[in-house]
């Protein structure tokens with residue numbers, strides 16, 4: 001089922017309230033979660049196109065993680081009532097999920113963070129930014145050539161990852177780069193405000209992962225609630241694409257735990 005709430009487009013599987021909501025990374029789209037969603041056939045899911053991505057609109061305002069947080073809250077609040085969802089986010093979407101879990105515990109019963117950016121200290125002023133060269137280069141290609149580029153750059157990715165990844169690059173709204181950007185708060189600061197269970201999934205920094213084992217340990221010390229970290233070997237920033245079997249094993253083992261925690265809180 002496809003729907004729209006305000007400027008945001010979302011996709012839902014199953015009838016009734018969603019159990020797991022997915023927030024994608026920069027330049028991806030909700031459709032990029034399809035391979036993971038297909039691996040969860042008994043779970044009702046919701047995936048959201050972030051502003052300026054996929055089929056969602058782009059409000060004329062600075063790009064901030066608080067805006068991504070509020071966008072996700074808007075969509076979740078417009079869904080059938082439930083006792084909170086597990087929010088799974090990757091990269092930009094992981095940081096948005098952390099912001100959401102910290103601010104709206106009524107909407108989030110647990111959160112899964114796939115290789116989020118650590119964030120930055122300071123006052124987080126608005127900064128100008130520009131389209132990365134790698135994205136501009138991909139956007140200049142037609143879809144078959146984008147798919148071929150993805151296969152060449154990441155030959156270990158499953159074939160079903162390549163088309164949604166390639167399609168999403170052509171959907172990024174170029175006006176995004178006319179707006180200013182505000183960096184995220186440190187992830188450790190957000191974890192200190194999150195009281196629901198957290199699963200941090202990270203790969204190897206030498207392969208491009210953003211979270212080192214040392215920083216994962218800092219996150220564990222900072223977390224206010226139940227915290228778990230899963231290091232997935234042979235994976236970089238796109239953990240689920242680089243090592244799907246172990247990513248799914250970590251995710252699916254956490255989902256029942258998050259349900260048990262929600263039941264014990266009632």
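Return yes when residue 244 is within 30 Å of residue 144 (Cα to Cα), in contact with a strand residue (DSSP E or B) (Cβ under 7 Å, 6 or more places away or on another chain), surrounded by 17 or more Cβ atoms within 10 Å (Cβ to Cβ) and at pLDDT 95 or above and no when it is not.
Taking the combined requirement at face value, the residue does not satisfy it.
In the range 116-125, is there at least one residue being part of a helix (DSSP H, G or I) and loosely packed, with under 12 Cβ neighbours inside 10 Å?
Looking for residues that are part of a helix (DSSP H, G or I) and loosely packed, with under 12 Cβ neighbours inside 10 Å, one finds none in the range 116-125, hence no.
Got at least one residue in the range 111-120 being modelled with pLDDT under 95 and on the phi < 0 side of the Ramachandran plot?
The answer is yes, given that some residue of the range 111-120 is modelled with pLDDT under 95 and on the phi < 0 side of the Ramachandran plot.
Of the residues in the range 126-136, how many are free of Cβ contacts under 8 Å to residues at least 40 places away in the same chain and either touching a strand residue (DSSP E or B) at 6+ places or on another chain (Cβ under 7 Å) or closer than 23 Å to residue 239 by Cα (or both)?
3
Show the residue pairs that are 6+ apart or on different chains and have beta-carbon atoms under 6 Å apart, the first residue being within the range 137-161 and in a loop (DSSP other than H, G, I, E, B), the second being at pLDDT 95 or above and surrounded by 15 or more Cβ atoms within 10 Å (Cβ to Cβ).
157/241
When the residues of the range 178-201 are narrowed to those that are touching a strand residue (DSSP E or B) at 6+ places or on another chain (Cβ under 6 Å) and over 20 Å from residue 123 (Cβ atoms), which ends up surrounded by the fewest Cβ atoms within 10 Å (Cβ to Cβ)?
Filtering first and then ranking leaves 196.
Restricting to the range 202-241, and then to whatever is surrounded by fewer than 17 Cβ atoms within 10 Å (Cβ to Cβ) and within 30 Å of residue 163 (Cα to Cα), can you tell me which residue is nearest to the chain's Cα centre (by Cα)?
Residue satisfying both the conditions and the ranking: 208.
Tally up the residues in the range 168-218 that are closer than 24 Å to residue 108 by Cα, modelled with pLDDT of 95 or more, assigned to a loop (DSSP other than H, G, I, E, B) and in contact with a helix residue (DSSP H, G or I) (Cβ under 8 Å, 6 or more places away or on another chain), please.
The qualifying residues number 6.
The values are calculated or read from the model by the stated rules, or taken from the named source; none is laboratory data. Treat the numbers as computed from the prediction; the structure is a model and nothing was measured. Ideal geometry is used to build each Cβ from the backbone, glycine not excepted, and the neighbour counts take in all protein chains shown.
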